[in-house]
Each structure stands twice: as C-alpha cells, then as structure tokens.
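Novice: The structure follows.
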Amino acid sequence: MFKRPGVLPGFWPAYSYSVLYLSLIVLIPLSAVFLKAATAGWPKIWQTISSPRVVAAYEVSFGASLAAAIASVVIGFVIAWALERYEFPGKSFVDALVDIPFALPTAVAGISLTSLYAPNGWLGRYLTPLGIKVAFTPLGITIALIFIGLPFVVRSVQPVMEDADHEVEEAASSLGASRWQVFRRVLFPAFRPALLTGFALAFARGLGEYGSVVFISGNLPMKTEIAPLLIIAKLEQYDYAGAAAIAVAMLVASFFLLFLINFIQGRSRRFMETKLS
Amino acid sequence: MSATSRRRILRTEPTWLRRGLIGLALLLTFLFIVLPLAAVFIQAFDKGWAVWQAAVTEENARSAILLSLLVTGITVPLNVVFGLAAAWTIARFQFKGRNVLLTLIDIPFGVSPVVSGLIFVLVFGAQGWLGPWLGDHDIQIIFAVPGIVLATVFVTFPFVARELIPLMQSQGSDEEEAAIVLGATAWQMFRRVTLPNIKWGLLYGVVLCTARSLGEFGAVSVVSGHIRGLTNTIPLHVEILYNEYNYTAAFAVASLLSVVAVVTLLLKKVLEWKTREARV
C-alpha cells in the first residue's frame, strides 16, 4: 500500500503524528458540528435555517460578499495591472502594502473602518451630505469585505500577468489589432481564470468573515445582521443545535466554493498544457 | 527609427492612459488599504503619548497582552512540530492518500472564524460531547485558557505546513539521501541538512502563525467568555474598550497589533528574498 522509495528515515513517525494531530485538532472537532446538527434532526435544522431572521442574515452575508467580491475583482485588477505592467517610483513598496489586509487583525480593521466611515469620520463626513450612508448599512459591510478580499484578487492575478506572453501580444498588434482589441481578445482571456479564482477566494472569505464586519455593520436584525453573528446569538441562548445548523449551511457553502476554485485552477492548467503541446 | 517607435507604441498604452491607471491604482490602494491602517496609528496618538502609554500599561491591557503571548507561545511550537512532520511526510514520500492529506491540511482556511470557535464549544462546552465528564472532574476548557489555545491552534493550523511543503518539494531530497547513505543518523540529517535548507521558510511560517495567533478575534471570541483580566486576549480587549466608547484607548491597544502586522510585512519581504536565495 505504501511505497517508500529511497533511504530516507522517519516516514511512519511523521505520518502517524501528522494524521493523529490533524484528527484531534481539525477532523474530530469539525465533525462535531455535523453530528450536533444531525442529532437535532432534519425538521429542527430546516426550521432553524428557514426562519426569517436566519434567511435575512444569509441574504445579507451572501449579497455583501458577492458585491464585495465583484468590486474586489475590478479594483484588484487595476492595482495588479499597474504593478505588473508599468514602472513607477515606489512600486515594490506599493506591492508590499497590498498584503496589509492579510496581516492586520480583523478586529483592528473593523474598528478602524467604522471610525473612517461613521457619519463624523474622515470619509463619512464627506459622504453623509451626499446622502451616502456607509457605517451601519449593508454598504459598510461591503466596504469591510472589499478590504478583506482585495489581496486575494491581486495575488491571484499577478503571477499570471507576470507570465503573460509578450509575443502573442506583439503578434496581435502587428496583425493590426488596436490596443483595446489586444486587451479584450488576447490579454483578458488569459487573466480570466485567475480573476475567477480571486473572486471565489474573496467571496468564500467574505461569507465567513466576522471581525472586520461586526463593528461597521451595526447588527440590526433582518437588516445588517450577518450569518456568523447569528451563530453567536444562538450560542448565547444555549441553542447549540441551532448554531450547528447555521454553521453546517455555511460550511457547505464555503467547501463548495473551495471545490469550485480547485476545478477552475485544474481546468485552466489543463487548458495551458494542451495549448503548449 | 520609425519601426522601433511604432512597435513600442503598440506594446503599451498611450502615456495619458498609463499615468491615469497608475494614479488610479495608487488612489485605490491608499483609500481601501493604507488609510484603515494609518487611521489606527493617528487615532491611537490622538490625545498624546501619555494617554497612549496609560492605555497600554493599564492592568486589564497588561493581562490581555500576557494572555495573548501565552496562547501564542503554546500555539506556535505545536504547529511548528506538526508542520515539520506533515512536510516531511508529504514532500519526501509517495503514499496512498497523499493528496487527501494535503487537502485536509487546508480546511481551517476555509472555515469561518466563528465556526472554528463553535466546534470546540460543541466538543468541550457544558452541553458538548465531553461537557458532563469535564464537569464531573472539574476541568474547564471553554471560557478558559485551554479553549482559547485550542481555537487558536485550529485557526493557525495550516500556516507552517503550507510554507514548508512547496519549499521542501522544490528542493528535492538528494542532499538528505546523501547524508543517510554516508552514515548520518536521522537526527544528524535533520539538524545538519534539512533544517539549514528550510530555515527561512520555517521562520516565515512561524511569523505568519505568530501574527495570526496574536490577532485572532472571531474564534477566540466564541470560546473565551470575555472575562476581564482572565480570558481576554488583546483583540478582545480592543473590542471591549471600543464598545465602551473608549475610542482612544481602543486604538492605542489596537496600535500594538498594527505594529505586529507591519513587522510581519517587513519580515515577509526579507524572508521571501532569503527563501528565493536558498532555492537557487
């Protein structure tokens, strides 16, 4: 069953330890959610996840994550394009800044964004007279999720832009294509799988995001309450089965997205391989 | 002359568009990414150095810092040992289920922080699987330090392994095989060959794991119970201060975490450069 080519020692101890630790920390605790939801039974699960407040929270989470992922794709594409295709002073510094949302703890991002977009905040004070309310609205949730999602898009697209084949681009222009045609017909199709991956990563992260959102969302039931917050609300009422039911629905959604990402990446890899051969 | 200049024009956008796009990219980076970080520091020092210092040295802040350091001190070594074992297994051997193992390691990245906390409440909480037994033996895990450690270990689980696996795969096993053939013991091989080769990647994994352990909010929030001076980590303390409208103090404590984030980014640059050097 196990092939061990070569002379290297330590397969069994390393393998057994990895599997044991993985099971204890990740697999067994995670299975607790599914078992808890299952022991409550289907009627109870269905009753929980179809109650109006929970459905509203799913809609808020899903809608804001979707809007933020789309915005992240557009903004992230512009940033990645400038970083990969143009030269300007301070470029590598700007490139390093893109990782800030990965490194900054979510709660810190949450209070900072809230203070910026609150009606008396640095940005909020200019947006409020225009009739744009950001803090404590779904728009605020979306802004927080753009902050969280942007690096996923930039870091997905950058390597593809770096590898883009200049010869194809030159061939297209020398055959008479305009700059816009080259972009639309040659460059953009090559970036599309990476953009989709970035979109899916940002979207998946947005669905589960908690720390950066709870402060700016205002948490009004039926309006700006996100799904993770309802899990906490259920726990505070000692409704463990209800919390587990909401969690299962979220886990299924995010695993589906991760599966989709692998599928996109696998397909684009196969596409590149057939093109090369 | 005309041929080369025409070709250059065709390969890139007109100057106005190029400058416009660079400007737009800089503006968007500033607005969406830099401003939230800058706002933390500016608001932290709003009322001067003395107020900042008072906020970060006050008793509850001090115990939150100590607890976060304790949790990180337990979490990081645990995940380093796992990362080394998993990378050794996956990058050095072919076996059935190798890809499954690789996929399972990534699971915690796909799980919402709140769900990451919830799973430990369902196992160790009063109504959880082990709750009654733990209650009989007077062991508290949820709403206590062990629960915070478990949730943090779960959330930071993949970091070290994720750094080491691709690095060790790209380096190959020739040097290690040579060491064994020449009579080195397993420990000698690990210490003299493997460790020097992977040290920068390992260090980067440790940096990421440390930063996330110190800053984790959602998962820890679910299992901690928010008991002041006992189960509050730095991010939870920030939340409490903020919800009490004590904004300057909240941002002062948050600025500590932001410094950690900036240092993480700096180390990332340095270590990326070192790993690339080691790979060549």
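Every number here is computed from the coordinates shown, using simple stated rules; none is lab data. As the structure is a prediction and not an experimental result, all values here were calculated from the model. Cβ placement follows ideal geometry from the backbone for every residue including glycine, while neighbour counts extend to all protein chains displayed.
Novice: Spelling out what I want: for every residue of the range B:158-173, take phi, set θ = phi - 60°, compute 6.51 cos²θ - 1.76 cosθ + 1.60 (Karplus), and round to whole Hz; glycine and proline get x.
Specialist: With the stated coefficients, the range B:158-173 comes to x, 3, 5, 4, 5, 6, 6, 4, x, 4, 5, 5, 6, 7, x, 10 Hz.
Novice: To continue, here is another question. From the P(r) of the protein assembly as shown, can you give the percent of Cα pairs sitting at distances over 40 Å?
Specialist: Summing the P(r) tail past 40 Å for the protein assembly as shown gives 29 percent.
Novice: Right, next: Pick out the long, greasy-scoring helices in chain A: whole DSSP H runs spanning 15 Å or more along their own axis by Cα, mean Kyte-Doolittle at least -0.5.
Specialist: Those that pass (Cα extent of 15 Å or more, hydropathy at least -0.5) are A:11-22, A:28-40, A:52-85, A:106-117, A:138-163, A:188-208, A:240-276.
Novice: With the contact rule set at Cα under 8 Å and sequence spacing of 6 or more, what percent relative contact order holds for the range A:189-260?
Specialist: 34 percent
Novice: Can you give the relative contact order of chain B as a percent, counting alpha carbon pairs under 8 Å and 6+ residues apart?
Specialist: Dividing the mean separation by the residue count of chain B yields 30 percent.
Novice: Averaged over peptide B:232-242, how many Cβ atoms belonging to another chain are found within 10 Å of each residue's Cβ?
Specialist: That works out to 3 on average.
Novice: Also: Within 10 Å of each Cβ of B:75-84, how many other protein chain Cβ atoms are there on average?
Specialist: Neighbouring Cβ atoms belonging to other protein chains average 2 per residue here.
Novice: When a/c is below 1.5 the answer is rounded, else prolate if a/b is larger than b/c, else oblate, so apply that to the range A:126-277 with a ≥ b ≥ c taken from the square roots of the Cα gyration tensor eigenvalues.
Specialist: Judged from the Cα gyration tensor, the range A:126-277 comes out oblate (a/c at least 1.5, b/c at or above a/b).
Novice: Positive end of the charge dipole of chain A (Lys, Arg +1 and Asp, Glu -1 on Cβ, about the Cα centre): tell me which of A:ILE264, A:ILE216, A:ILE100 has its Cα farthest that way.
Specialist: Looking along the dipole axis, the top candidate is A:ILE264.
Novice: Could you list A:ILE111, B:ILE240, B:ILE165 so that the one with the fewest beta carbons within 10 Å of its beta carbon is first and the one with the most is last?
Specialist: B:ILE240, B:ILE165, A:ILE111
Novice: Through the Karplus equation 6.51 cos²θ - 1.76 cosθ + 1.60, θ set to phi - 60°, convert the phi angles of the range B:198-212 into ³J(HN,Hα) values in whole Hz; use x for Gly and Pro.
Specialist: Calculated HN-Hα couplings, in order: 9, 4, 6, x, 4, 4, 5, x, 5, 4, 4, 5, 5, 4, 5 Hz.
Novice: Follow-up. Reported to two decimal places, what Rg/Rh ratio describes the range B:53-126 when computed on Cα atoms with Rh from the Kirkwood expression?
Specialist: 1.14
Novice: Where is the GNM fluctuation largest for chain A (alpha-carbon springs, 10 angstrom cutoff): A:PHE93, A:PHE199, A:PHE215?
Specialist: Most flexible of the set in this elastic network: A:PHE93.
Novice: At a 10 Å Cβ-Cβ cut-off, how would you order B:PHE41, A:PHE77, B:PHE251, fewest neighbours first?
Specialist: Final ranking by Cβ density, sparse to dense: B:PHE41, A:PHE77, B:PHE251.
Novice: Could I ask something else about it? What is the fewest-to-most order of B:LEU214, B:LEU267 by other Cβ atoms lying within 10 Å of their Cβ?
Specialist: Listed from fewest to most nearby Cβ atoms, that is B:LEU267, B:LEU214.
Novice: Sticking with this structure for a sec: Let a ≥ b ≥ c be the square roots of the eigenvalues of the Cα gyration tensor of chain B; is it rounded (a/c under 1.5), or, if not, prolate (a/b larger than b/c) or oblate?
Specialist: In terms of gyration-tensor shape, oblate.
Novice: Checking the table A:LYS133/B:LYS268; A:LYS91/B:LYS274; A:LYS133/B:LYS47; A:LYS91/B:LYS199; A:LYS44/A:LYS223; B:LYS47/B:LYS199 against a 32 Å threshold on Cα-Cα, which pairs fail?
Specialist: Listed pairs above 32 Å: A:LYS133/B:LYS268; B:LYS47/B:LYS199.
Novice: State the answer as a single residue: which of B:LEU266, B:GLY20, B:ALA55 lies farthest towards the positive end of the charge dipole of chain B, with beta carbon charges of +1 for Lys and Arg and -1 for Asp and Glu, about the Cα centre.
Specialist: Towards the positive end, the residue furthest out is B:GLY20.
Novice: Here is a further query. Give me a comma-separated list of calculated 3J(HN,Hα) values for the range B:25-36, in order, Karplus coefficients 6.51, -1.76, 1.60 applied at θ = phi - 60°, integers in Hz, x for any Gly or Pro.
Specialist: Couplings: 4, 5, 4, 5, 4, 5, 5, 8, 10, 7, 4, x Hz.
Novice: If you line up the Cα atoms of the range A:1-70 on their principal axes, what length do they span on each, largest first, in Å?
Specialist: Result for the range A:1-70: principal-axis Cα extents of 61, 38, 20 Å.
Novice: On to the next question. Between rounded, prolate and oblate, where does the range B:1-124 land on the alpha carbon gyration tensor, with a ≥ b ≥ c its root eigenvalues, rounded for a/c under 1.5, else prolate if a/b exceeds b/c?
Specialist: oblate
Novice: Now, a different point. Could you work out the helix-only [θ] at 222 nm for chain A, with each DSSP H run of four or more residues adding -39,500 (n - 2.57) and the total divided by the number of residues, to the nearest 500 deg cm²/dmol?
Specialist: Estimated from H runs of four or more residues: -24000 deg cm²/dmol.
Novice: For the range B:10-40 and the range A:32-104, compute the distance between their C-alpha centroids and round to whole Å.
Specialist: Cα centres, the range B:10-40 to the range A:32-104: 23 Å.
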